[in-house]
Amino acid sequence: MRVLMVGAGGVGGAVVRIAARRAFFEHMVVADYDPARAESAVAALGKDGHRFTAVRLDASDTGAVRAALAEHRCDVLLNATDPRFVLPLFDAALAHGAHYLDMAMSLSQPHPNRPYEECGVKLGDAQFERAAEWEAAGRLALVGMGVEPGLSDVFARYAADELFDEDGIEEIGIRDGADLVVDGYDFAPSFSIWTTIEECLNPPVVYEEGRGWFTTPPFSEPEVFDFPEGIGPVECVNVEHEEVLLVPRWLKAKRVTFKYGLGDEFIGVLKTLHKLGLDRTDPVTVTVGTGGGKAAVSPRDVVAACLPDPAGLGDRMRGKTCAGTWVKGTKDGRPREVYLYHVVDNQWSMREYGSQAVVWQTAVNPVVALELIASGAWHGSGVLGPEALPPRPFLALLTEYGSPWGMREDVAGEPG
């Protein structure tokens with residue numbers, strides 16, 4: 001297997017460190033618009049970097065991406081960029097005849113008249129529209145293969161296959177929480193603020209059997225969820241996320257939700273950014289310097305530039321992050337609730353890989369998926385989510401990578 005990975009930021013850098021310890025691939029090309037980032041990611045491997053090459057590449061240029069795939073004879077494209085670049089990379093992989101993986105799907109657009117009641121363009125719609133072309137080409141586009149979405153979807157499939165009755169799932173609810181603290185900063189998100197704004201300020205999507213997908217106002221339906229391994233109770237709210245759009249395509253559940261544990265302060269900052277228009281992505285014209293020059297800039301890009309790079313916060317960060325899937329239903333006709341989860345301690349991920357917990361937890365899952373594709377344990381064609389593939393090989397290999405998952409049997413009633 002020869003892999004072109006586009007994006008050498010925090011997650012991409014962690015992918016490189018994780019993949020360097022595995023033998024399943026022949027070569028990985030690490031590409032970024034900023035060649036210094038790609039070169040730094042490869043240089044950090046030292047003598048273990050002989051299977052990696054750093055190149056400059058513009059993720060928005062489909063032709064250039066196709067040329068890179070051809071030049072380096074890559075048969076898989078791993079997208080480690082932000083969601084703005086999903087479609088040009090997705091299209092380039094199909095045109096070249098390569099398999100494709102991403103960790104976030106094509107962007108949504110709110111309903112023009114009823115944004116908090118009805119869906120407009122949903123996450124991933126633009127990719128699923130081309131599923132027949134991928135199937136006809138005999139190529140696999142594995143979408144949403146990070147931790148959330150990704151591992152959370154694998155957990156959902158495992159629960160449906162082995163832990164609940166057929167037609168017995170009442171709700172599949174992704175629940176994400178952490179007790180991470182970043183010393184020295186009043187506000188420092190542990191993941192891309194660009195992506196965080198997109199997820200948290202867009203209308204959240206909920207799925208219900210008989211009703212389908214619908215939306216609610218941001219931060220709706222707050223609940224307190226008790227996270228494992230010492231993290232404890234965290235208030236979680238509805239957030240737009242891919243799992244709600246993926247899970248119902250393959251699994252039967254009466255309701256599917258996604259809730260983040262954000263905290264009052266974080267929610268307050270996001271609401272302020274929205275009120276000021278600083279969450280916008282369309283450029284605004286600003287005066288630059290004292291000469292009266294003008295420049296067009298995206299307000300959201302300015303916010304991102306003003307905040308610390310999440311990938312560089314590991315040394316100041318302490319605590320754990322938890323991603324998981326809570327499932328409620330019946331087994332053998334009796335009520336059952338479980339929480340399948342994956343916890344990463346920042347101290348461990350920094351010591352073992354030099355990557356902070358959130359980006360490492362995201363990065364390990366596409367590497368596991370690539371190894372399963374290379375071995376043939378995962379295979380298929382078309383546009384597929386992780387829940388379309390058998391979960392046991394994935395969960396076994398994740399444990400082999402030194403990062404085991406857990407399951408908590410909850411008392412029937414409230415989550416957690």
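The values are calculated or read from the model by the stated rules, or taken from the named source; none is laboratory data. Note that the coordinates shown come from a computational prediction; the quantities given were computed from them, not determined experimentally. Please note: Cβ atoms are built from the backbone with ideal geometry, for glycine as well, and neighbour counts cover all protein chains shown. Side chains are part of the model used for accessible areas, which takes the heavy atoms of the whole protein and leaves out ligands, DNA and RNA. Shrake-Rupley method; radii C 1.70, N 1.55, O 1.52, S 1.80 Å.
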Rounded, prolate or oblate (a/c below 1.5 giving rounded, otherwise prolate when a/b exceeds b/c) for segment 259-416 by Cα gyration tensor: prolate
Among (1) 30; (2) 24; (3) 34, the entry that matches percent of Cα pairs over 35 Å apart as calculated here: (2)
Net charge of Cβ neighbours under 10 Å - reference residue 245; Lys, Arg +1; Asp, Glu -1: -2
Taking the convex hull of Cα positions in segment 106-190, its mean projected area over all directions (nm²): 10.0 nm²
Burial order of peptide ranges 208-217, 362-371, 230-239, 159-168 (average beta-carbon count within 10 Å, highest first): 362-371, 230-239, 159-168, 208-217
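How much accessible area per residue does segment 100-177 have, in Å², with a 1.4 Å probe? Could you put the intermediate results ahead of the total?
Working: 2820 Å² over 78 residues.
About 36 Å² of surface per residue is accessible.
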Segment 4-31 versus segment 224-303: alpha-carbon centroid distance in Å: 27 Å
Summed side-chain charge close to residue 402 - residues other than residue 402 whose Cβ falls under 11 Å, Lys, Arg +1, Asp, Glu -1: -1
Rg(Cα) / (2.2 N^0.38 Å) computed for segment 184-311, rounded to two decimals: 1.29
Nearest-20 debye value, the chain charge dipole, Cβ charges on Lys, Arg, Asp, Glu: 920 debye
Three-way shape label, segment 246-337, alpha-carbon gyration tensor, a/c 1.5: prolate
Highest to lowest packing among 195-205, 320-330, scored as the average C-beta count within 10 Å: 320-330, 195-205
All-pairs Cα distance distribution in segment 58-163, expressed in whole percent, bin size 10 Å: 15, 38, 32, 13, 2
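Heavy atoms only, probe 1.4 angstrom, no DNA, RNA or ligands counted: give me 219, 90 ranked by accessible area, highest first.
Values: 219 30, 90 0 Å².
Heavy-atom accessible area, descending, gives 219, 90.
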Euclidean distance of C-alpha centroids, segment 322-399 and segment 104-148, integer Å: 21 Å
Tail beyond 22 Å, pair distance distribution of segment 92-244 (Cα, percent): 53 percent
Distance cut-off 25 Å, percentage of C-alpha pairs in segment 1-113 lying past it: 17 percent
Leading residue at positive end of dipole, segment 60-190 (Cβ point charges), from 156, 87, 173: 87
Percent of Cα-Cα distances greater than 16 Å, calculated over segment 200-258: 49 percent
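Tell me the relative contact order for segment 254-308 as a rounded percent, counting alpha carbon contacts under 8 Å between residues six or more apart. Mind showing how you got there, number by number?
Details: 39 pairs, mean separation 14.1, N = 55.
Taking the mean separation of contacting Cα pairs over the length of segment 254-308, I get 26 percent.
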Cα lying deepest toward the dipole's positive end in segment 168-263, options 260, 244, 201, charges on Cβ: 244
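Please give the direction-averaged projected area of the C-alpha convex hull for segment 321-398, in square nanometres with one decimal.
Numbers: hull surface 27.7 nm².
Convex hull of Cα atoms, orientation-averaged projection: 6.9 nm².
If you count the DSSP beta bridges with both ends in the chain, what percent of them are antiparallel, to the nearest 5?
Details: 47 of 77 bridges.
Among the beta bridges of the chain, antiparallel pairing accounts for roughly 60 percent.
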